[in-house]
1. What number, in percent, do you get for the relative contact order of the stretch 113-186 if the mean sequence gap of Cα pairs under 8 Å and at least 6 apart is divided by its residue count?
2. Residues in the stretch 13-51, backbone N under 13 Å from the label point at D220 (7 Å along the Cα-to-beta-carbon vector): list them, ranges by number please.
3. Restricting to Cα pairs below 8 Å that are 6+ residues apart, what does the relative contact order work out to for the stretch 209-299? Please round to a whole percent.
4. So, in nm, how far is label E244 from label N170 when the simple model puts each one 7 Å beyond its Cα toward the Cβ?
5. If the reach is capped at under 29 angstrom between alpha carbons, list the lysines near K280, excluding any in the same chain fewer than eight residues apart.
6. How large is Rg over Rh for the stretch 199-337, taking Rg from the Cα atoms and Rh as the Kirkwood inverse mean of 1/r across Cα pairs?
7. Let's test the formula: R0 of 22 Å, r as the Cβ-Cβ distance of E329 and N101. What FRET efficiency results, to the nearest 0.05?
8. May I ask for the distance between the Cα centers of the stretch 69-147 and the stretch 245-306, given as a whole number of Å?
Amino acid sequence: MTTSPQSSGRVFSGAQPSGNMHLGNYLGAFKNWARLQDSYEALYCVVDMHAITVWQDPVELQKQTREAAAAYMASGVDPSRSILYNQSKVAGHAELAWIFNCIARLGWLNRMTQFKDKAGKNREKASVGLYIYPNLMAADILLYKATHVPVGQDQKQHLELTRDIAQKFNSDYSAEVFPMTEPVIMGEGARVMSLRDGNKKMSKSDPSDMSRINLNDNTDTLAAKIRKARTDAEPMPSDASGLEGRAEAANLVGIYAALTDQSRDSVCAEHEGQGFAEFKKSLTDVVTAKLAPITEEMARLQKEPDYIDSVLADGAERASALAEPVLAEVKRAVGYL
Ligand code: AQP
C-alpha cells in the first residue's frame, strides 16, 4: 500500500494512548486528520513512547493503544491512504530523539509550559522523559521531514521548539536536512475545555470522568454529563461577545459550533435568549448524532484486535521505510561512522 503521491506536503500527528479518547481529541485532532488525508501524505501515530512519560499499567497500555487506533479509524482515518502505526515500533523515533537531546538547550525546555502543568508542584518526582518529551515530539515530526503538523493551541509551543531544533541542527552541521514545519491550526474545536471547569482543557488524565465526553461513552452517559456540565444562570447572548467571562457557557457553545461546522456567533444567534438547561438538550442531540456512529465503529473494531494489530504492523513497516533515508542523512551529517 502507498500513500497518495498527489499530496501538497507531508503531515504527521499523534495522540497518547494514556486513557480514554475524548471529544477534545476528536475535535482538536482526529476530525481534522481525516480531512487532511485528502490533500496531504499523512502519518498518524499512536504515541505510546510519550504515554509512558507518566506511569501506564502495561496491560492497560496495550488496550489503550488498540483503542486509540480504533478511535482514529472510526473518526475517518483510512489506513489504506494514511500511515497508521504505534511509535515504539519504529526505532528511528528514539534514535533521532537522542540526537535532539544533544541539540536542544536546557533553557528552551525550561520554558515549556506543558511540563510545568503536568509536573505540577512535584517537579523533582517527574520523570526525565516528561521533561524531554518535546524533543521526542520534534523527532516524531522531523523523522519524516513532515512539512505540516495539525496542532491544538496547547501544542503550539512544542511545534515552535521543533522549528528551533530543526534550525539549530541545520546550522550546527551546515546541512539543510530538516524543513521548517508549519502548524495547521484548526477552527472552532481547537480547544475543548473540561465540563467541570471552563478554564481547564478537557483531558484524559483529569481524575473526574464527568469532566470529559469519552468517545466510548454511551448515549445515556454523555447526556448525563452534558446535563450536569457547569454553566451560569445567564441566557444565551445574541453573539459570541456576550460569552466573555463565561468560560463554561463559551465552551458548550464552542462544542456545538465545532460539531455543526458553524461559528459561535451563529450558534448564539440561533439560540438567543434560551436558558442553558434548554440549550444543553440541543447540544446533547448534536453530540449524540456525531459521536454515536464513532462509538459504534470503535466498539466493532475493538472486537477485532488482530485486525487492529495488522493495521499497526503494516503502518510501522511503511513508516520505517520513510524514516530510514532521513535517519541515514542525519547520521552522516552528525559524523557517525
Ligand atoms: N481538550 C482538547 N481540545 C482540543 N484538542 C485537544 N487535544 C487533546 N486535548 C484536547 C488534541 O488531541 C491530540 C492528541 O493529544 P494527546 O493525547 O497527545 O495529548 P494531550 O494533548 O496531552 O491530551 P490529553 O487528553 O490532555 O492527555 P493527557 O491527559 O494524557 O495529557 C493533540 O493534537 C491535542 O492537541
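1. Normalised by residue count, the contact order of the stretch 113-186 is 34 percent.
2. None, by backbone N distance to the label point.
3. Taking the mean separation of contacting Cα pairs over the length of the stretch 209-299, I get 38 percent.
4. 4.1 nm
5. Counting by Cα, and skipping residues close in sequence, K280 has these lysines nearby: K31, K200, K201, K204, K225, K228, K290.
6. 1.19
7. Computed FRET efficiency for E329 and N101: 0.70.
8. Using only Cα atoms to place each centre, the spacing works out to 29 Å.
Every read-out reported here was derived from the displayed coordinates using simple, explicitly stated rules and does not represent laboratory data. Everything numeric here is computed off the predicted structure, so don't read it as measured data. When we count neighbours, we look across all protein chains shown, and the Cβ atoms used for this are built from the backbone with ideal geometry, even at glycine.
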